[in-house]
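Have a look at the structure below before the remarks.
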Amino acid sequence: MADGSSETKSSNQMWGGRFASGPDAIMEEINASIGFDKKLYAQDIRGSIAHATMLAHQGIISAEDKDKIVHGLNTILSEIESGAFEFSRRLEDIHMNVEARLATLIGPAAGRLHTARSRNDQVALDFRLWVKEELQKTEKALTALIAAFLDRAEEHADTVMPGFTHLQTAQPVTFGHHCMAYVEMFGRDRSRVRHAIEHMDESPIGAAALAGTGFPIDRHMTAKALGFREPTRNSIDTVSDRDFALEFLSIASIAATHLSRLAEEIVIWSTPQFGFIRLSDAFSTGSSIMPQKKNPDAAELVRAKTGRINGSLIALLTVMKGLPLAYSKDMQEDKEQVFDAAESLELAIAAMTGMVRDMTVRADRMKAAAGSGYSTATDLADWLVREAGLPFRDAHHVTGRAVALAEQKGCDLADLSLADLQSINPAITGKVFDVLTVEASVASRTSFGGTAPAEVRKQIAWWRARN
């Protein structure tokens, strides 16, 4: 790279002749984005190669200049990937860093690359390409997480556990059914990812600063070369749009919320008081002072990442909320939020996938807890409706009295005698005990999407065919 003084001169020339001197230290500090947007180097070079190829195809630049530009850009790509490239803050951003180096490598031909484009559509392209690739990575990561849950669900389709509302024991369910609830959650996240890719699959390059260009460019050619479905249709919206970044952050926030809910359950389940699961050593840490401790730190950190990701969404929404059309420098603040959220989400999904695959499920503890809190009370009420012909509200009242009696006797509903139950309602027969066990309870829940093992297996098969 050139020395500092020539960099300053080069930077000013790239700005244009309007400014007689370089920015002072404060302006340089607030204006420079190379510290973070260098992450877009591959997308920037890819977009420039596609743009130069199109310019040559349309006769706007010569084939000779195009070949020099493409060779120079590939050289720069190799330099960056090998660590030999020196990024300069004085050159502000990734676009100017690449262009300055290209000028050093190939001379005046480098100046033709920026024909019929602006940094406004260039950054929109780079950022959109990066987000699209990140969404594709997220889709794969979510697919792996769903697969991990499908494996555990199949393994534990018959494993009985308590189902909760208000974190109070409600009704027996199976652990397989509980796992499938997360399959549904993360399946929706993946669906949102796929829809977002479809929404953003339009190429910004060629919109130029905001009004398009008078050069005879072929935007459909560059869109195809860059893997987009088609070019964007309004040049003003193109350079001012960051919906794709907001949509990514929204998806990330919802997915992180699902991950956080799961992390909370893992933290609870791994306590000695619950003891439903044991985390592997790979996803736990010890205490510096208490040798008996095995802390679920990975789950806790996944839970905490949600705050960072949600914060990124709010930050970018706030940046964008008052911007007039078209481009404003405020939009330089879009990338760090997305980069940070993407890194956090990728790590959180990977950690959770590992925890789900590695954790030991303690079916005995789950079963012991499944019958606690009179979890089959609803089964008794349903039996009274179905077999004794009581209206549900009357059956609910009778069941409440049965629970009160069981509490008084210090036993479960299934441990009450037939005489006890008939003292509450004479219509009760010995057949009622067929529904008062947790196994009978879950087996009876055969409605579509219910917790019956047979139904859980149907849902697993449905998802396996689509994962």
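The values are calculated or read from the model by the stated rules, or taken from the named source; none is laboratory data. Predicted model, so just to flag it, every value in this text is computed and none were measured. Note that each Cβ is placed from the backbone with ideal geometry, even for glycine, and that neighbours are counted across all protein chains shown. Only protein heavy atoms, including side chains, enter the accessible area calculation; ligands, DNA and RNA are left aside. Shrake-Rupley method; radii C 1.70, N 1.55, O 1.52, S 1.80 Å.
Here are some notes:
- Computed over segment 215-276, the percent of Cα pairs more than 16 Å apart is 69.
- Projecting the Cα atoms of PHE392, VAL356, GLN337 onto the charge dipole of segment 289-413 (Cβ charges, centred on the Cα centre) puts PHE392 farthest toward the positive pole.
- The lysines within cross-link reach of LYS38, meaning a Cα-to-Cα straight distance under 16 Å and a gap of 8 or more places when in the same chain, are LYS335.
- In terms of distances greater than 27 angstrom between alpha carbons, the cross-link table entries LYS137/LYS305; LYS140/LYS294; LYS294/LYS409 yield LYS140/LYS294; LYS294/LYS409.
- Note on LYS367: aspartates and glutamates with a C-alpha under 16 Å away, same-chain residues under 8 apart excluded, are GLU155, ASP158, ASP412, GLU439.
- Sequence-ordered 3J(HN,Hα) estimates for segment 59-74 from the Karplus curve with 6.51, -1.76 and 1.60 and θ = phi - 60° stand at x, 7, 10, 6, 4, 5, 5, 4, 5, 4, 4, 5, 4, x, 5, 5 Hz, glycine and proline given as x.
- Applying the criteria of a DSSP loop state and at most 15 other Cβ atoms within 10 Å to the GluC sites (Glu not before Pro) of segment 52-120 yields GLU86.
- Computed on the chain, the Cα convex hull volume stands at 201 Å³ per residue.
- Over the chain, dividing the summed -39,500 (n - 2.57) contributions of all DSSP H runs of at least 4 residues by the number of residues returns a 222 nm mean residue ellipticity of -20000 deg cm²/dmol.
- Per residue, segment 279-413 exposes 51 Å² of accessible surface when a 1.4 Å probe is rolled over the protein heavy atoms with every protein chain present.
- Fraction of the pair-distance distribution of segment 40-81 above 17 Å, Cα-Cα pairs, percent: 26
- Carbon and sulfur %, accessible surface of the chain computed with the full protein complex present, 1.4 Å: 53
- Tail weight of P(r) past 23 Å, computed on alpha-carbon pairs of segment 252-389, percent: 55
- Ordered from longest to shortest, the equivalent ellipsoid semi-axes for segment 72-228 are 50, 19, 13 Å, each the square root of 5 times a Cα gyration tensor eigenvalue.
- Local electrostatic count at SER62 - Lys and Arg +1, Asp and Glu -1, tallied over other residues with Cβ under 11 Å: 0
- Segment 227-235 - phi-based ³J(HN,Hα) in whole Hz, Karplus 6.51/-1.76/1.60, Gly and Pro as x: x, 8, 5, 6, x, 5, 10, 9, 5
- Burial ranking of peptide ranges 41-54, 231-244 (average Cβ count within 10 Å, highest at the top): 41-54, 231-244
- Listed peptides 339-351, 121-133, 210-222 by packing density, highest first (mean Cβ within 10 Å): 121-133, 339-351, 210-222
- Mean-position separation - Cα centroids, segment 219-243 and segment 126-178, in angstrom: 35
- Which of ALA181, TRP269, HIS166, positive extreme of dipole for segment 147-294 (C-beta unit charges): TRP269
- A dipole drawn for the chain from +1 and -1 charges on Cβ atoms has a positive end, and of SER260, HIS199, LEU246 the residue lying farthest that way is HIS199.
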